[in-house]
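Peer 1: I have a structure I would like to understand better, so I am pasting it below and will then ask my questions one at a time.
Rule-based calculations on the coordinates, nothing more; no lab input. A quick note: this is a predicted structure, and the numbers were derived from the prediction, not measured. Cβ placement follows ideal geometry from the backbone for every residue including glycine, while neighbour counts extend to all protein chains displayed.
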Amino acid sequence: MINSALALFADNGYEATSISDICEKASVTKGALYWHFKTKQDLYSKLIYGILDSYLNDIKDIGKEGYDTIGYLREFTKETFISIEQNIKYQQGFRLIYRETQLDRSSELKDAILSLNNSLDFSDFFNKLIDNGDISSSLTGRQFSEMYKSMTDNLVLNWFWSDRKFKLSEWGLNYFDYMFRLDLDKEKR
């Protein structure tokens, strides 16, 4: 049910997807769906929160002891992009989240997504990298954090819009290296 609902919501949006559509795609009865979810909104919310929880679980170690190097962040970035390239569920989830945040209406779900985005602050992590001399001190940790999130989000969006015509993980690492000037020797910084 979840995978069927995710595909339909990602392709058609929340309003254009009916409970009947979900049941038909999942080959279940409405009773079976309502046994697990109170409403369509309940199903939709659980989908979004599940995707967000999965993402938070993936990034929970960033900035912790032993995970405070630019190499770790580069590897994490690469793995994130590879996961999106190879996992249709992630692709659908990102499309669903982007769609929800673009709606003019206010919703508890939209507020939760925006709140999560605002809470994803890697400033302390980037401050460590600046202090260690691993990245330039031309920006603050907060500025690097926002730039990193923007680079990641926008690259994924452009990949979707281009109908996946470029290798996301390869381009992502190129942007990452450029953004953090990893092509330069430390002495030149």
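Peer 1: Quick check for me: using +1 on Lys/Arg Cβ and -1 on Asp/Glu Cβ, what's the dipole size of the stretch 48-188 about its Cα centre, in debye to the nearest 20?
Peer 2: The calculated dipole for the stretch 48-188 is roughly 420 debye.
Peer 1: Also, I was wondering about something else. Calculated from DSSP H runs of 4 or more alone, at -39500 (n - 2.57) each and per residue, what is the 222 nm mean residue ellipticity of the chain, nearest 500?
Peer 2: When only DSSP H runs of four or more count, the value is -22000 deg cm²/dmol.
Peer 1: Now a separate question. Hey, could you get me the Stokes-Einstein D for the chain, Kirkwood radius over alpha-carbon pairs, 20 °C and 1.002 mPa s, rounded to whole µm² s⁻¹?
Peer 2: 117
Peer 1: Holding the Cα-Cα limit at 29 Å, pick out from Lys40/Lys89; Lys30/Lys165; Lys128/Lys149 the pairs that are longer than that.
Peer 2: From the list (Lys40/Lys89; Lys30/Lys165; Lys128/Lys149), the Cα-Cα distance tops 29 Å for Lys30/Lys165.
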